[in-house]
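Written out below as structure tokens is the structure these notes cover.
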Number of protein chains: 2
Amino acid sequence: MLLLANPKSIEIQAKLFRGFSDPSRLSILDALRGGVLTVSEIVEATGLSQSNVSNHLGCLRDCGLVVAEKQGRFVYYELSDKRVGQLLMLADQLLADVAKGVYECTRYNVKVSING
Amino acid sequence: MLLLANPKSIEIQAKLFRGFSDPSRLSILDALRGGVLTVSEIVEATGLSQSNVSNHLGCLRDCGLVVAEKQGRFVYYELSDKRVGQLLMLADQLLADVAKGVYECTRYNVKVSING
DNA sequence: ATATAATATCATCACATACTGATACGATGA
DNA sequence: TCATCGTATCAGTATGTGATGATATTATAT
């Protein structure tokens, strides 16, 4: 039985997707596909500010998309489940075909520059 | 090569996920997993207002997640690609395991009532 | 031509949420 | 102890975005 059968689960699922729906969080998740990273490594990899990364990591951690392990001053993060990466890859493949549509989607005024 | 290698593609991908990150759109996509539906059938299936459904359909259509075909006064909608459904299912399965975390995710103050 | 049905569009409002900068906290080393 | 590093938290701000209600548009029927 699919969770989606339950209306409340739709909100939960929307919440899950919201974890993926922000460029900053996506950058973080993408970086973590390569393996375990500390916060400062993620900051370096993504170019985001430290507080911003920390906030998003908190969000991703609370939602169960990443797990953290503290060691001394460092906190190591990794994807919580291989399906997180799978979801990213499936979306990637889907994008290969519908990307043009997504490019041109201007509803809700999301600005995505394509040519520079 | 993964699109994610490109920073701009991360924004595109975030945009794709944003299509899935709203309960109303998710309801619509879920309804469409059963097959082709007209707008008014979607309105009935989801319980959303007509203008709201139409707005979201515009968003989903522009993003390439659904396709529309007009016949007379009616417009028939369906999922554009079977991977749209696959993505929903994979997320569903992932939720089965990390749902508890998502439940408890209170960052950015999303209210999800679990017990009623 | 007129009425009505199905759908789309638009302005507006209320709220959600991402970013920054400052600061707090915990751990390590001198 | 003091300084510093790595990380987390918080207030404030600006912007994004979902819902509604009114209206426009197109098609069909009488």
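The values are calculated or read from the model by the stated rules, or taken from the named source; none is laboratory data. Keep in mind that what you see is a predicted model, and the values were worked out from it rather than measured. Note: ideal-geometry Cβ built from the backbone for every residue, glycine included; neighbour counts use all protein chains shown.
So that you can scan it fast, the table gives a plain yes or no per residue for (1) within 24 Å of B:K15 (Cα to Cα); (2) part of a loop (DSSP other than H, G, I, E, B); (3) at pLDDT 95 or above; (4) of a type in the set (V, I, T):
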| site | (1), (2), (3), (4) |
| --- | --- |
| B:V53 | yes, no, yes, yes |
| B:G58 | yes, no, no, no |
| B:K70 | no, no, yes, no |
| B:A96 | no, no, no, no |
| B:N115 | no, yes, no, no |
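Kindly provide the set of residues from segment A:35-51 that are more than 10 Å from DNA strand D (Cβ to nearest atom) and either in a helix (DSSP H, G or I) or touching a residue at least 24 places away in the same chain (Cβ under 8 Å) (or both), ordered by number. Give the steps one after another, and end with the answer.
Here is the first cut: in segment A:35-51, the ones more than 10 Å from DNA strand D (Cβ to nearest atom) are A:35-36, A:45-48.
Listed by number, the residues that qualify are A:G35, A:V36, A:A45, A:T46, A:L48.
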Q) For segment A:20-32, does any single residue satisfy the condition of being touching a strand residue (DSSP E or B) at 6+ places or on another chain (Cβ under 7 Å), more than 30 Å from B:A31 (Cα to Cα) and either surrounded by 15 or more Cβ atoms within 10 Å (Cβ to Cβ) or among the charged types (D, E, K, R) (or both)? A) yes
Q | Of residues in segment A:1-22 being outside any helix (DSSP H, G or I) and facing another protein chain (nearest Cβ under 8 Å), the one modelled with the lowest pLDDT | A | A:L2
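Would you point out which residue out of B:L57, B:L79 is more than 9 Å from DNA strand C (Cβ to nearest atom) and more than 10 Å from every other protein chain (Cβ to nearest Cβ)?
B:L79
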Q | Failed item, numbered, when B:R25 is tested on (1) part of a loop (DSSP other than H, G, I, E, B); (2) within 14 Å of chain A (Cβ to nearest Cβ) | A | (1)
**Q.** Residues of segment A:13-25 satisfying the condition of being within 8 Å of the chain's Cα centre (by Cα) and touching a residue at least 24 places away in the same chain (Cβ under 8 Å)
**A.** A:G19, A:F20, A:D22, A:S24, A:R25
Q: Check A:G34 against each of (1) away from DNA strand C (no atom under 16 Å from the Cβ); (2) at pLDDT below 95; (3) touching a helix residue (DSSP H, G or I) at 6+ places or on another chain (Cβ under 8 Å) and name the one condition it does not meet.
A: (3)
